[in-house]
Ligand code: RNT
Ligand code: ZN
C-alpha cells in the first residue's frame, strides 16, 4: 500500500494523516545520555549506586565526553525529528581535578552547551544523588546527618542554576528531575522522620528562587531499589503530596510501580492535579530492570493517553539502561518505538470511540479499538521518516552495525 492509499483509508475514519505527521514532528523527546555508558558519568570509574543497576558488558561503551557526544550524534541522526538530550550532573566535564557535586557550576557544562548548539538539541538536566561517597549509605536529602543533607542541598541548588544556564543558552525551558534513592533495605523503625527531613531539604533547595520560565523542576517517585527493598522515602504518595504542595511537577517512571499497576491509568489524574505530566518512559521486566522500551501494550497505553491529553502537556523523557546490547541501537530503537506508538495513537479516532463509550456501545467500541490496530500505520511512519530524511525500516541498524565495527569495537 502506498502512503496515498493509506491516507485515503484513514480519511474514511476521519483521520488526517498529514496532521498526524505534522504533530509527531513537533514532539521533542528527551533522550537520556546515561544509556550511552551504563550510568557511568565522568567522575569515577565505579558503576551506578543508589539501588539501580545495569547488567551486561557489551563492548564499546562511551568512556569520555567526546565519545558520548559522538555516539549521541550518531544515534540522533537515525531518529526522525528534533529532540532533547537529558544530562545528569555526574556527566559534568572536569579539567584535572573533579569539582565535587556541591560546587558544580556552568563551567562544568560549557562543552555540553557548545555541543548542543552545534547539534541542534535542547538540554534537560538531573541532579545526581547517587554514585558518590556522600550517598554511600543510601541516604542523601533525608540523611539523619545534617552534613550529608547540606551537601546534597547545595548540589540541588547548583543544579537548578545549571538548568537556568541551559535554558538561557539554548532558548528552551530545561526540565530538571529530582530523583533520590533514599531508603532502607530492611524495615525502618521510623518512616516519618526521613520523609520530614526529605521535605525540609527539598524546601531548602527550592528556596533558591529559580526562574520559573527557564526551569521546570520535576520530582520522581519510586517503589523500591536494589538493596533498598523495604522502604523508599520518595514513595508515590510522598511525591504526589510534596509536588502538589510545592507547585512543581511529579514524574511518573513506568518502572516504579507494582508490575500489575497500569501507569497509563494514572496520567489523567496527574493531569487534572498538576496540569502537566512528566514521564520516564521505561520497561520493567519482573522488576525495575530498565529494559529498552518495546512497542508493547504498556507503552501503547501511555502513548495513547499522551496523545489524547495533548503532547504539549507532557515532558516525555526516556529512562532505561541496558549494557548487554549495542548502546547506540538501544537509544535509536527506544526513540523510534516511542515515536511509533505516539503516531499509532494519533491515527485513532478517539472522539468517535468516546462517543461509543458514552452511549454504552461497548461491543462496537471493543471491535473498533481492535480493528484500528491493523490500519496502515507503517505507510504513515515511512512517510514521516522520508520527510525527515531518515530511513523508515530496519536498515538503520545496518548503519549502527557499521558504526560498531568502525568505532565502538576499537575502544
Ligand atoms: C532510578 C530512576 C532515575 C534514574 C536516572 C538515572 O530508578 O528511574 O530516574 O534512572 O535518573
Ligand atoms: Zn526514572
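The values are calculated or read from the model by the stated rules, or taken from the named source; none is laboratory data. Everything numeric here is computed off the predicted structure, so don't read it as measured data. Positions of Cβ are backbone-derived with ideal geometry, glycine not excepted, and every protein chain shown enters the neighbour counts.
Take residue 144 and tell me if it is closer than 20 Å to residue 44 by Cα and either surrounded by fewer than 24 Cβ atoms within 10 Å (Cβ to Cβ) or within 16 Å of ligand 1 (Cβ to nearest atom) (or both). I'd like the intermediate steps shown before the answer.
Values: closer than 20 Å to residue 44 by Cα: no; either surrounded by fewer than 24 Cβ atoms within 10 Å (Cβ to Cβ) or within 16 Å of ligand 1 (Cβ to nearest atom) (or both): yes.
In short, no.
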Quiz item: Among the residues of the range 11-34, is any assigned to a loop (DSSP other than H, G, I, E, B), under 30 Å from residue 138 (Cα atoms) and out of contact with any strand residue (DSSP E or B) (no Cβ under 6 Å at 6 or more places or on another chain)?
Solution: no
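Residue-wise test of (1) surrounded by 13 or more Cβ atoms within 10 Å (Cβ to Cβ); (2) under 29 Å from the mean Cα position of the chain (by Cα); (3) farther than 19 Å from residue 66 by Cβ.
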{"position": "4", "(1), (2), (3)": "no, no, yes"}
{"position": "9", "(1), (2), (3)": "yes, no, yes"}
{"position": "19", "(1), (2), (3)": "no, yes, yes"}
{"position": "42", "(1), (2), (3)": "yes, yes, no"}
Exercise. Report, by residue number, each residue of the range 113-154 that is closer than 29 Å to residue 226 by Cβ and part of a helix (DSSP H, G or I).
Key: 133, 134, 135, 146, 147, 148, 149, 150, 151, 152, 153, 154
Practice problem: Go through 204, 213 for me and flag whichever is farther than 24 Å from residue 302 by Cβ, more than 22 Å from the chain's Cα centre (by Cα), modelled with pLDDT of 95 or more and surrounded by fewer than 18 Cβ atoms within 10 Å (Cβ to Cβ). | Solution: 204
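Just name the residue that is farthest from ligand 2 (Cβ to nearest atom) out of those in the range 179-201 that are surrounded by fewer than 24 Cβ atoms within 10 Å (Cβ to Cβ) and not in a helix (DSSP H, G or I). Full working, then the answer.
Within the range 179-201, the first condition is being surrounded by fewer than 24 Cβ atoms within 10 Å (Cβ to Cβ), and the residues that meet it are 184-201.
Add one more test, that the residue is not in a helix (DSSP H, G or I), and what stays is 184-191.
Working: 184: 20, 185: 20, 186: 24, 187: 25, 188: 23, 189: 28, 190: 26, 191: 23 Å.
Among those residues, the one meeting the criterion is 189.
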Self-check item: residue 216 within 16 Å of ligand 1 (Cβ to nearest atom) and either touching a residue at least 24 places away in the same chain (Cβ under 8 Å) or in a strand (DSSP E or B) (or both)
Solution: yes
Quiz item: Looking at the range 320-411, what helices (runs of 4 or more DSSP H) fall wholly within it and have at least 3 residues that are touching a residue at least 60 places away in the same chain (Cβ under 8 Å)?
Solution: 327-346, 377-387, 395-406
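Given the criterion on the phi > 0 side of the Ramachandran plot, more than 16 Å from ligand 1 (Cβ to nearest atom) and in contact (Cβ under 8 Å) with a residue 24 or more places away in the chain, identify the matching residue among 247, 275.
Details: 247 fails: in contact (Cβ under 8 Å) with a residue 24 or more places away in the chain.
It is 275.
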Quiz prompt | Given (1) surrounded by 13 or more Cβ atoms within 10 Å (Cβ to Cβ); (2) at positive phi; (3) more than 12 Å from ligand 1 (Cβ to nearest atom), number of the condition residue 263 does not satisfy | solution = (2)
Quiz item: Any residue in the range 290-307 that is within 16 Å of ligand 1 (Cβ to nearest atom), surrounded by 22 or more Cβ atoms within 10 Å (Cβ to Cβ), closer than 21 Å to residue 328 by Cα and free of Cβ contacts under 8 Å to residues at least 40 places away in the same chain?
Solution: no
Self-check item: Count of the range 377-404 residues which are buried (at least 19 other Cβ atoms within 10 Å of the Cβ) and under 14 Å from residue 20 (Cα atoms)
Solution: 7
